[in-house]
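Below you'll find the structure, written out as structure tokens, and then a few comments.
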Amino acid sequence: MFKAARIAETLEQVRRQGPLVHNVTNLVAMTLSANALIAVGASPIMSAAPEEAGDLAAISGALVVNMGTLTRDWVEGALAATAGANRAGVPWVLDPVGVGASAFRNETAARLMAERPRIVRGNASEVAAIAGGRAGGKGVDSTLGTDAVADVVTALARSSHAVVVATGAVDLATDGERVVRVANGHPLLTSITASGCALTALIGAWAAVTKDLLEAAVGALAAYGVAAELAAERAEGPGSFQVALLDQLGRLDPATLAERTRVS
Amino acid sequence: MFKAARIAETLEQVRRQGPLVHNVTNLVAMTLSANALIAVGASPIMSAAPEEAGDLAAISGALVVNMGTLTRDWVEGALAATAGANRAGVPWVLDPVGVGASAFRNETAARLMAERPRIVRGNASEVAAIAGGRAGGKGVDSTLGTDAVADVVTALARSSHAVVVATGAVDLATDGERVVRVANGHPLLTSITASGCALTALIGAWAAVTKDLLEAAVGALAAYGVAAELAAERAEGPGSFQVALLDQLGRLDPATLAERTRVS
Amino acid sequence: MFKAARIAETLEQVRRQGPLVHNVTNLVAMTLSANALIAVGASPIMSAAPEEAGDLAAISGALVVNMGTLTRDWVEGALAATAGANRAGVPWVLDPVGVGASAFRNETAARLMAERPRIVRGNASEVAAIAGGRAGGKGVDSTLGTDAVADVVTALARSSHAVVVATGAVDLATDGERVVRVANGHPLLTSITASGCALTALIGAWAAVTKDLLEAAVGALAAYGVAAELAAERAEGPGSFQVALLDQLGRLDPATLAERTRVS
């Protein structure tokens, strides 16, 4: 469905357009997300202040909302941001980190889903929890594979009118009609914190420059997965892997991406 | 008292059980703490929201409370977390960062001590300040060695019924009866921010899998110290030292730990 | 005006005196700022709590206020800190991150300017926005060069009685009378988040040990720029550049700084 050449083109679009991406994100993920966005050529801005989050979302190419470290004030800022994005027609991505781990997270995820994100990205447990099923996560980590939730993911995409992405050893992305599997990536991604959050931030950058949001999600998944594979070749452990991941996101060229991407 | 073989075993337990560790921690330490926990095989979760901190603490193997960047809201979240941990019988560790530097820090440390942490970890100045003595710290950095506070540490362990750990060139850990010195570590640890906080997080992981909490503290001190020594051999400065520290925490095997640990 | 030998001397002063630097800073910049400060020999402390920010500022050698991730609570803490610094005669530095991007940022910058910072550091767009001109920034990134704002910078220094620093390919620093250009640095600095914030933190360290605040700003600009050049020689992308930047800040010696600095 998505040809390698087209995926490579989406990377070129991100690098050329350098979209402004507003992040209402969590405290652990901020730095890595910002650095990943800059590495691919985007301009990150971070703010969860209700006084400005709506304005910033409205002038951005995309908004990323990540509930990893929830607070009351954060929820207020996130809702201001999603309202601003929706008003301005700016696409926004939800990362429901840790949903299923507490009642507060479940309620907040439900409130954010009601604001109609255009893309939802989580691990298998989180996506299952959003869909109302049994999640079985361990805190913010998944205990499920993506294959186990394939039907749930598609049903959620249909009911929510969002592109839904469940990441794992093989990533699954769907708009409810088309289902795409991305087999790039590396197990070392699970050895660093916020690697899923940084991916969600990149999906935001891709959504800012790509009309077809399923294509945006797949482009970001492929680019991130290929960069992770290249980084793993240079890593001696989780510390050097994260360093190499940013290096490779910065160096990744469309030709390499086209060559190495494994999308089906 | 603690044999090298037993210390090595505690690392195996952490890697095998992969405990969930809830962190109510500071904004500077979050990322490094999370990455250190993942590197040794634990699952970190971070939240200081009063709405969920108690629930998360109760389902975790251990709770880590670190007051490095205090706010009113943070105090509320920390107290919710310690209440949840105490109710569920989950061991919790206090890191009283910067106590002695302001009245707000002193009051907060006193409130948290009243909730009866099972382990307290600080530098020599912080432990002295907790014990009510003159601290003499410079902000969050210590101006004392651990030998200067050995008596204070033991007295604090007795009066608080907690394991108390004072870290420095040689680390001191005691439950008020047994006193253990750990001579692993490297001066480069003082060249990066939050290295003490990340150690406290690891003590949480060890406490989740080890009944004897003095043994837990000593196991984490030894593992962290040995990883730091191995990292220092590969470092060219503070930046590469932190990267190598995470790499070595990820690679550390029980045999190497047993061989290099210097506990007396 | 500023001889290379004198600039090298300021680095020696920072290393020898190891000043305590209080930071009321943003969530993305905290870790890099703290690590940069430790690398040059300073002691960072981070707190935006109104309960203690004034006390901490008053016992510090300098205060750094960085509004990158604004909230109501943060503003309260920042104003407590600047009041404490002003009362105690402690020099403070303002980094008006993202001013021009929202009304909330503009109002907050104006309130902080009214508290009379001794040094203001921003990119060209931010400095132009502070001066009341058209900024033209993209979120937190500048779309202007420093030459385009040279007159604005000098006028702002005169009207605010502060040293004003506009950073870019060539950095500009002035107290309204003397104008200094620092041509050190490397384009990779724009490939990592919070590199400007970390520089502002270093200016704080220099301000703590140098009476002439223009000299302080120039010393920090030169040291940071030279460290960035040395780091770039060792980097393969944005990830390894940041690691090398901290390494080189830690290793930088006065002789190398004197040799490589390009100040006019």
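Inverting the pair-averaged 1/r between distinct Cα atoms of the stretch B:56-115 gives 11.6 Å as its Kirkwood hydrodynamic radius. Shielding value for A:231-239 is 6, the average number of Cβ atoms from other chains within 10 Å of each residue's Cβ.
Quick note on the stretch B:113-204: its Rg to Rh ratio, both from C-alpha atoms and Rh being the Kirkwood radius, is 0.93. Qualifying GluC sites (Glu not before Pro) in the stretch C:81-165, where qualification requires a DSSP coil assignment and no more than 16 other C-beta atoms within 10 Å, comprise C:115. Quick note on the protein assembly as shown: its Rg to Rh ratio, both from C-alpha atoms and Rh being the Kirkwood radius, is 0.95. Based on DSSP H assignment, which helices of chain A show an axial Cα extent of at least 18 Å together with a mean Kyte-Doolittle hydropathy greater than or equal to 1.0? Membrane-span-like by this rule: A:195-209, A:213-234. Counting only other chain Cβ atoms within 10 Å of each residue's Cβ, the peptide B:246-255 averages 4. Solvent-accessible surface of the stretch B:223-264, averaged per residue with a 1.4 angstrom probe and all protein chains in place: 37 square angstrom. For the stretch B:11-70, the normalised intensity computed at q = 0.14, 0.17, 0.21 Å⁻¹ comes to -0.37, -0.53, -0.78 (log10 of I(q)/I(0), Debye sum over alpha carbons, equal scatterers, no solvent).
Inter-part distance, the stretch A:120-188 to the stretch C:191-264, computed on C-alpha centroids, equals 44 Å.
If Rh is defined by the Kirkwood formula over all Cα pairs and Rg also comes from Cα, what ratio Rg/Rh do you get for chain A?
My calculation of the ratio gives 0.93.
For the stretch A:1-77 versus the stretch C:85-109, the spacing of their alpha-carbon centroids is 25 Å.
Counting Cβ atoms of other protein chains within 10 Å of each Cβ in A:102-111 and taking the mean gives 3. Under the combined filter of DSSP loop state and at most 14 neighbouring Cβ atoms within 10 Å, the stretch C:112-167 retains these trypsin sites (Lys or Arg not before Pro): C:134.
Antiparallel as a % of all DSSP beta bridges within the stretch A:83-219, to the nearest 5?
Taking every DSSP beta bridge within the stretch A:83-219, about 55 percent pair in antiparallel fashion.
Once you have the Kirkwood Rh of the stretch B:151-264 from its Cα pairs, apply Stokes-Einstein at 4 °C and 1.567 mPa s and quote D in µm²/s. In µm²/s, the coefficient is 91. Treating each Cα of the stretch A:107-160 as one equal point scatterer and applying the Debye formula with no solvent, the log10 of I(q)/I(0) at q = 0.14 Å⁻¹ comes out as -0.33.
Taking amide H atoms as placed 1.01 Å from N in the peptide plane, the amide H of residue C:123 lies under 5 Å from those of C:167, each 5 or more residues away in sequence or on another chain. For the residue pairs C:138/C:211; B:3/B:138; B:138/B:211; A:138/B:211, the alpha carbons lie more than 28 Å apart in C:138/C:211; B:3/B:138; B:138/B:211. Counting every alpha-carbon pair across the stretch C:6-143, the share separated by more than 26 Å comes to 23%. Counted over the protein assembly as shown, the DSSP beta bridges are approximately 30% antiparallel.
So what's the net charge close to residue A:121: Lys and Arg +1, Asp and Glu -1, counting the other residues with Cβ under 12 Å from its Cβ? Residues near residue A:121 contribute -2 overall. Figure note: B:46, B:113 ranked by solvent-accessible area, largest first, 1.4 Å probe, ligands and nucleic acids not counted: B:113, B:46.
Solvent-accessible area lost on pairing C with B (1.4 Å probe, both sides summed) amounts to about 2100 Å². Label-to-label distance for residue B:5 and residue C:16 is 5.6 nm, based on points extended 7 Å past Cα in the beta-carbon direction. Using a probe of 1.4 Å, the accessible surface attributed to residue A:59 totals some 100 Å² when neighbouring protein chains are kept in position.
The values are calculated or read from the model by the stated rules, or taken from the named source; none is laboratory data. Just so it is clear, the structure is predicted and the values come from calculations on it, not from any experiment. Neighbour counts are summed over all protein chains in view; Cβ atoms, including those assigned to glycine, are modelled from backbone coordinates with ideal geometry. These accessible areas exclude ligands, DNA and RNA; they are computed on the full protein's heavy atoms, side chains included. Shrake-Rupley method; radii C 1.70, N 1.55, O 1.52, S 1.80 Å.
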